[in-house]
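Input: a single structure, listed below in structure tokens.
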Amino acid sequence: MSQGKGCFITFEGGEGAGKSTQINRLADVLRRRGHDVLVTREPGGSQGAEAVRHILLSGQAEEFGVRMEATLFAAARSDHVEQVIRPALAEGTVVLCDRYVDSTRVYQGVTGNLEPGFVRNLERVVVNGVMPDITLILDVPAESGLTRARKRGSSDSAGPDRFEKEEVATHEMRRQAFRDLAQSEPKRCKLIDGTGSPDAVALAVLDAVDSVLPEPVVPEKSAKGR
Ligand code: T5A
């Protein structure tokens, strides 16, 4: 593992790609196998980062430009890494995180046109060595992901957020940018077809995770208990 004793698994992809659905399923399977599992998300996941989440997703920061938004995502990530992710990994926990650095690379970097140097420098300082052991990129055509997200949005009465409101063409560019990432970092990033049934996607996710996750350490039974 690249950090501590735990394993850091991130999920990426466009709106409605099925990340939350798959994270919860994977968490159930891993807990049944005896792993300690932490499910978390970005933006958010720690007290400080959750405070920034609303500012970002409500669109309040949009008028100040992409640099401002990227810096706020970074501030939230820094708090999340230091308060939650790094300590959990040090304790041997499997951390499942809904979005991480690749979302900034794609949303603010590629479709936000933020200078690559700025994105890279911000990322290096903020993650401070905490990079995922594996990143699962759920690949779904933008239109179907948005339809799923809208359907869910209408059932939980939350309207579309700052990013969901954008043009389909922008979402399709993001899909392509995630696919490019999978190609450029094949060791860390695995592209998973997210268009199948939740069961079919879950199987592909587990297959990828099994390639990096060791069996949980089962505490030895005491001599008395044998
Ligand atoms: N952002 C984030 C940045 O711009 N930069 C950054 O650095 C970071 C970290 C976060 C927003 O912030 C942006 C990206 C995002 O726009 P969010 O509310 O956390 O916003 O939203 P998302 O991460 O996009 O999460 P969503 O909930 O929209 O999508 P999920 O989690 O991918 O999808 P999920 O699992 O909730 O599923 C959506 C619906 O589809 C159904 C589910 O039941 C649900 O109703 N579904 C399926 N239906 C059919 N087949 C399947 N296989 C299905 N899987 C799920």
*asked:* For a quick check: with amide H placed at 1.01 Å from N, whose amide H comes under 5 Å from Leu38's, ignoring anything fewer than 5 positions away on the same chain?
replied: Val94, Val95, Leu96
*Using label points projected 7 Å from each Cα along Cα→Cβ, tell me how many nm separate Ala200 and Phe64, to one decimal.*
4.4 nm
_Dimensionless Rg ratio for the stretch 1-82, taking C-alpha atoms and the 2.2 N^0.38 Å reference_ = 1.27
*Quick one: how many lysine pairs does the chain have with C-alpha atoms less than 26 Å apart and a gap of 8 or more or different chains? Give me the count, please.*
9
_Skipping prolines and chain starts, which residues have an amide H placed within reach, meaning under 5 Å, of the one on Gly59, given they are 5 or more residues away or on another chain?_
Arg162
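Using the Kirkwood radius built from alpha carbon pairs, what does the Stokes-Einstein equation give as D for the stretch 7-212 at 37 °C and 0.692 mPa s, in µm² per second? Before the final figure, lay out each step's value.
Values: Rh = 17.2 Å.
Stokes-Einstein gives a translational diffusion coefficient of 191 µm²/s.
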*Under the Karplus curve 6.51 cos²θ - 1.76 cosθ + 1.60, θ = phi - 60°, whole-Hz ³J(HN,Hα) for the stretch 61-73, x wherever Gly or Pro sits*: 8, 4, 5, 8, x, 5, 4, 5, 4, 4, 5, 5, 4
*Given a cut-off of under 8 Å on Cα pairs at least six residues apart, what relative contact order in percent is computed for the stretch 7-212?*
32 percent
*Please give the FRET efficiency for Ala51 paired with Asp28, using the beta carbon to beta carbon distance and R0 = 35 Å, rounded to the nearest 0.05.*
0.75
_Measure of compaction for the stretch 56-167 (Cα Rg per 2.2 N^0.38 Å)_ = 1.17
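Quick check for me: using +1 on Lys/Arg Cβ and -1 on Asp/Glu Cβ, what's the dipole size of the chain about its Cα centre, in debye to the nearest 20? The partial results should precede the final answer.
Details: 30 positive and 33 negative charges, 144 e Å.
Result for the chain is approximately 700 debye, rounded to the nearest 20.
Would you list Ser103, Ser184 from the most to the least accessible area, probe 1.4 Å? Intermediate results must be reported in sequence, preceding the final value.
Working: Ser103 10, Ser184 85 Å².
Final ranking, largest accessible area leading: Ser184, Ser103.
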*asked:* Rounded to the nearest percent, how much of the accessible area of the chain (1.4 Å probe, protein heavy atoms only) is carbon and sulfur?
replied: 53 percent
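Could you give the length gained by full extension between Thr170 and Lys187, i.e. 0.36 nm per residue of separation minus their alpha carbon distance, to one decimal place? Before the final figure, lay out the partial values.
Numbers: separation 17, 0.36 × 17 = 6.12 nm, distance 2.70 nm.
Taking 0.36 nm per residue and subtracting the Cα distance, the gain is 3.4 nm.
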*Give the residues of the stretch 93-136 whose amide nitrogen is closer than 15 Å to a point set 7 Å from the Cα of Val39 in the direction of its Cβ.*
94-99
*Which length gain, in nm to one decimal place, applies between Lys5 and Asn121 when the Cα-Cα distance is subtracted from 0.36 nm times their residue separation?*
39.1 nm
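Using the crude model of +1 on Lys and Arg Cβ and -1 on Asp and Glu Cβ, and no other charge, please compute the dipole size for the stretch 78-132 relative to its Cα centre, in debye to 20. Can you show the working numbers first?
Details: 5 positive and 7 negative charges, 30 e Å.
The dipole magnitude comes to about 140 debye.
Per residue, how much accessible area does the chain show when a 1.4 Å probe rolls over the protein heavy atoms, in square angstrom? Let's see the in-between values first.
Numbers: 11650 Å² over 226 residues.
Value for the chain: 52 Å² per residue.
The values are calculated or read from the model by the stated rules, or taken from the named source; none is laboratory data. This one's a predicted model, so the numbers in the text were calculated from it and none came from an experiment. In this analysis, Cβ positions are derived from the backbone assuming ideal geometry, glycine residues included, and neighbour counts consider all displayed protein chains. SASA here: full protein model, heavy atoms, side chains in, ligands and nucleic acids out. Shrake-Rupley method; radii C 1.70, N 1.55, O 1.52, S 1.80 Å.
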